1. Just checking the chain: which Cys have no other cysteine's beta-carbon under 4.7 Å?
2. Using a 10 Å cut-off around each Cβ, can you sort I141, I87 from fewest to most neighbouring Cβ atoms?
3. Among W284, W108, which comes first, second and so on when ranked by fewest other beta-carbon atoms within 10 Å?
4. Ranking D290, D51, D34 by Cβ neighbours within 10 Å, fewest first, what do you get?
5. Would you mind calculating the relative contact order of the chain from Cα pairs under 8 angstrom and at least 6 residues apart, reporting the percent as a whole number?
6. Could you sort out which of K123/K181; K170/K192; K114/K192; K192/K294; K74/K114 sit more than 22 Å apart by Cα distance in this structure?
7. State the answer as a single residue: which of I248, M216, T85 lies farthest towards the positive end of the charge dipole of the chain, with beta carbon charges of +1 for Lys and Arg and -1 for Asp and Glu, about the Cα centre.
8. How long are the three semi-axes of the equivalent ellipsoid for the chain, computed from the Cα gyration tensor as the root of 5 times each eigenvalue, in whole Å, largest first?
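What follows draws every value from the coordinates through simple rules; no lab data is involved. Remember, it's a predicted structure, so these values are computed and weren't measured experimentally. Backbone-built Cβ (ideal geometry, glycine too); neighbour counts: all protein chains shown.
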Amino acid sequence: MKHLYLTFFLLISPLAHGQTAAYLHQFKETQRSDFQKEQSLLSEDKNFLEDIAVFTNDTAIQVRQKAYYLIFLKGMMVGPTQKATYINLLLEGCNDEDGSITGQSLLWLQSFPKSSFDAAALKKIDRLLQNSRLPHHDKTILLAGFVSTGQDILQQKLLQPDLPGKAQWKTHLALARMGEKTSIDWCLDQVKNIELNNNTVEYLVPDLVYTRQPRMINLCINYLNSDEKKCYSADPDNDQNMLCGYRIMELLAPVIKDFPYETDATGSILTDDYTKALSIVRTWFEKHPDYTTKNEYF
């Protein structure tokens, strides 16, 4: 069944035409990407939307993957008032029969600001939530929590007696992101006895940070202040454990307003002295117990 959001584009452009269509036809034949050509198309092709919609329904998985990738890149380039169009197209990718396209589309959607998800996008996410058989459903749940939609659907999920543990955890995280106190309490109760170690920082702390809830962020700050060396070094040649606070500092930096340090594209703190930076960050949190979290991004 054709997705309704794409139908408009297909009707106004029954046959693919233009530079983007020509490039994707060539890509389908050669399976070779041309980065410079793609950048040119994204910047200059006025028929981009009309052309790209056809290829999201192509029979070849690689072509659909490429089409959604270009949609994501274009969505990152356009202004705030135009982003909703590309978000809605990526949400169609979440219904793709290929799980890799579904998963990648959900990850790309995490890059858009919350305010760019329009009413149509929220309805699409609600429909995705109702189909737990779709691949990467846990990512859909977290996306819903991020944009504050589907609260009733998520509450109904928790009533299912056979709800898997992972789905239960993700559902409570999403509701916690929306400020649901019962879910915040539940999550904190689940982790109250977990000791700090590398796995805690790798898997638990990102989930706690996702919620943006002060009580859960404060637990991360407690971990940040620990002087126990229980985390692995990022240096493969260094087999000595290090303070977990270094990694936690990186996870907190993007979500705390007026944080003392920024991060680069890789997520690393912009500093030449991590030891000094950790000390400064610890002191900053002591002086700013009423810190503010940023909620516009995932």
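1. C94, C187, C220
2. Working: I141 27, I87 24.
Listing I141, I87 from fewest to most nearby Cβ atoms yields I87, I141.
3. Numbers: W284 15, W108 21.
In increasing order of surrounding Cβ atoms, one gets W284, W108.
4. Working: D290 5, D51 26, D34 13.
Placing the least packed residue first, the sequence is D290, D34, D51.
5. Numbers: 360 pairs, mean separation 32.9, N = 298.
Normalised by residue count, the contact order of the chain is 11 percent.
6. Values: K123/K181 24 Å; K170/K192 17 Å; K114/K192 30 Å; K192/K294 25 Å; K74/K114 17 Å.
Flagged as over cut-off: K123/K181; K114/K192; K192/K294.
7. It is T85, whose Cα lies furthest towards the positive end.
8. On the way: eigenvalues 293, 116, 59 Å².
The answer is 38, 24, 17 Å, longest axis first.
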